[in-house]
Amino acid sequence: MNEQPDSSDETRIPLIAIVGRPNVGKSAIFNRLTESRAALVEDLPGTTRDRNYGEIEWRGQRLRVVDTGGLLGEEPEELGPLVRQAVERAITEADALLFIVDSVDGPTDPDHEIAAMLRGAPQPLLLVANKSDVRRAADRLPELYGLGMGDPHAVSAIHGNGIADLLDEILEVIQGTPVDDEEPDETIRIAIVGRPNVGKSSLMNAILGEERTIVSSIPGTTRDSIDTPFDFEGRKMILVDTAGIRRRGRIERGVERHSVQRAERAIDRADIVFLVLDQTELLTAQDTHIAGYVHERARGLVLVVNKWDLTENRDERPEFARLVDNRYRFVPWAPVTFTSAVTGEGVRDLLELGAHIAEVRKRRVQTSELNRVIQKALVQHGPPTIHHRRLKVMYSTQAETAPPTFVLFVNDPALVHFSYRRYLENQIRGAFDFEGTGIQIVFRKRSEDRLEVTA
C-alpha cells in the first residue's frame with residue numbers, strides 16, 4: 001500500500017490536454033489512452049463540447065488526461081465562445097499538450113491557426129498525427145512538418161498503432177513533473193443525473209460557484225460527463241455532470257444513444273447520485289427508471305427537486321415531498337431536497353446531505369449485532385416455502401463498505417424470494433439506519449466459495 005503524502009506536499013498527477021480541431025479523433029485517442037469509452041466518439045464534428053477527464057498509468061507513472069471540445073469548429077453562435085473558453089482553461093491547467101491532427105487530411109487552415117495559438121504555450125507539446133493506419137496517410141505525413149510543431153507522432157486511435165511510443169514520449173517531456181499518490185479514499189464522487197434540460201449543469205455551476213460547465217438554453221448541450229474536483233467544508237468531492245437521459249423510446253442513434261450510456265457509466269463510477277427533478281414536470285417514467293438504475297447499483301441517492309424558485313406557493317413543499325415519496329416508494333431510503341440553481345437555495349444543504357450519506361456508506365456493523373437482527377427477523381416472519389424447502393440463514397456478516405455489503409450464508413441461495421430479500425433489507429435498514437444509500441445483500445451457500453448475488 002502506498003503511503004499518503006504529507007499534507008504539505010504539493011506534488012500532483014501531471015495533466016495532459018488533448019486539443020485540436022473537430023473530428024480529428026481527439027476523443028478516440030482519449031479513449032485509447034485511458035482504455036475506456038469515457039468520451040463520445042462519433043463521425044460528427046463537435047461531439048465533444050466540454051472537458052472530460054480521465055486517468056492512466058504507464059510504466060509506473062500516473063497521468064491525468066483531459067479531452068476538450070474542437071477548436072475553430074462550426075458550433076452554434078451561442079456555444080462557440082464557451083467551447084473555446086473551456087478549451088483554453090484546459091490548456092492553462094495542463095502540464096503538456098497533445099495537438100491532434102488528421103493524417104489523411106494533412107494540415108488544414110484551422111490546424112495552422114491552432115498551431116499559431118499553441119506555439120507560444122509554455123508547456124511541452126507533441127504533434128500527434130491520427131488515422132495513420134489509412135493507406136494514403138503516409139503520403140501526407142511530411143506535410144505536417146509545415147505546422148512548425150516538430151516531428152509528428154503517427155498513431156491510430158482505432159487500432160492502437162503508435163500509442164505505446166506516444167506514451168513513452170509523454171513521459172519524456174514531463175520528466176521531472178511531480179507525481180501524486182493515490183487519490184484518497186475519502187474523496188466523495190457525486191454524479192448529477194436526470195432528464196435533459198432540468199438544470200443539471202446550472203446546479204453544478206451553483207455548487208462550484210463558477211461557470212465550469214457550458215450552460216445554454218439548448219436542451220442536450222452537455223453530451224460528455226465532466227469530472228470536477230472541489231472542496232466543501234474540508235471534504236474532497238468530485239462532481240460528474242452528465243448528459244440528460246431521455247426516454248428509451250426517444251433515444252436517437254449516435255450521440256444521444258452514447259449519452260445514455262455515459263450517464264449510466266457515471267452512475268456506476270459514483271458514490272452518490274443527485275437525481276435532478278424539474279418541479280414543473282415532477283413525476284415521469286424516465287426519472288423512476290434512473291432511480292431504479294441507481295438502486296440496482298447500490299449507490300447513494302438524493303432526489304433533488306430543482307427550479308424551486310418557480311413555485312408560487314412556497315407552502316407546497318410538504319405536498320411535493322409526499323408526491324415524490326409516493327412515486328419513488330421503491331427507494332424509500334432516498335431523501336428529498338429542494339434547490340434552485342438560480343438563487344442558490346438549498347445548494348449547501350444538498351452538499352451537506354451528500355457528505356452525510358458518504359459517511360453512512362462507510363458505516364460498519366458488528367457481526368454479533370447483525371446476526372441478532374437477522375435471527376430476530378427470521379423468527380418474526382419466516383421465509384416462504386419454495387418447492388417444499390425453506391430458506392435457512394446460518395450466519396451473517398458485513399463484507400464491505402461503500403456500498404454496505406452483507407453476506408448471508410444460507411442452505412440454498414435459490415430459495416431466496418425477492419420479497420423476502422426486501423424484507424431482510426428493510427430489517428437491516430431499520431436496525432442500523434442506512435438512510436440515503438443503497439445496500440447489497442449477498443446470499444452464499446455455506447459449502448461454496450463463489451458468491452451468488454440476488455437481484
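Against the compact-protein benchmark of 2.2 N^0.38 Å, the Cα-based radius of gyration of the range 344-430 scales to 1.37. Partners of K200 within straight-line reach, counting lysines whose Cα lies under 18 Å from its Cα and excluding those fewer than 8 residues away in the same chain: K307.
The distance separating the Cα centre of the range 357-426 from that of the range 95-132 comes to 57 Å. Counted by neighbouring Cβ atoms within 10 Å, the residues D151, D105 run from fewest to most as D151, D105. Full extension of the chain between D231 and E281 gives 14.8 nm of extra length, using 0.36 nm per residue less the Cα-Cα distance. For K376, the lysines whose Cα comes closer than 24 Å to its Cα, not counting residues fewer than 8 places off in the same chain, are K392, K445.
No lab work stands behind these numbers, since they all come straight from the coordinates. Since we're looking at a predicted model, the values are computed, not measured. All Cβ positions, even for glycine, are placed from backbone atoms using ideal geometry, and neighbour counts span all protein chains on display.
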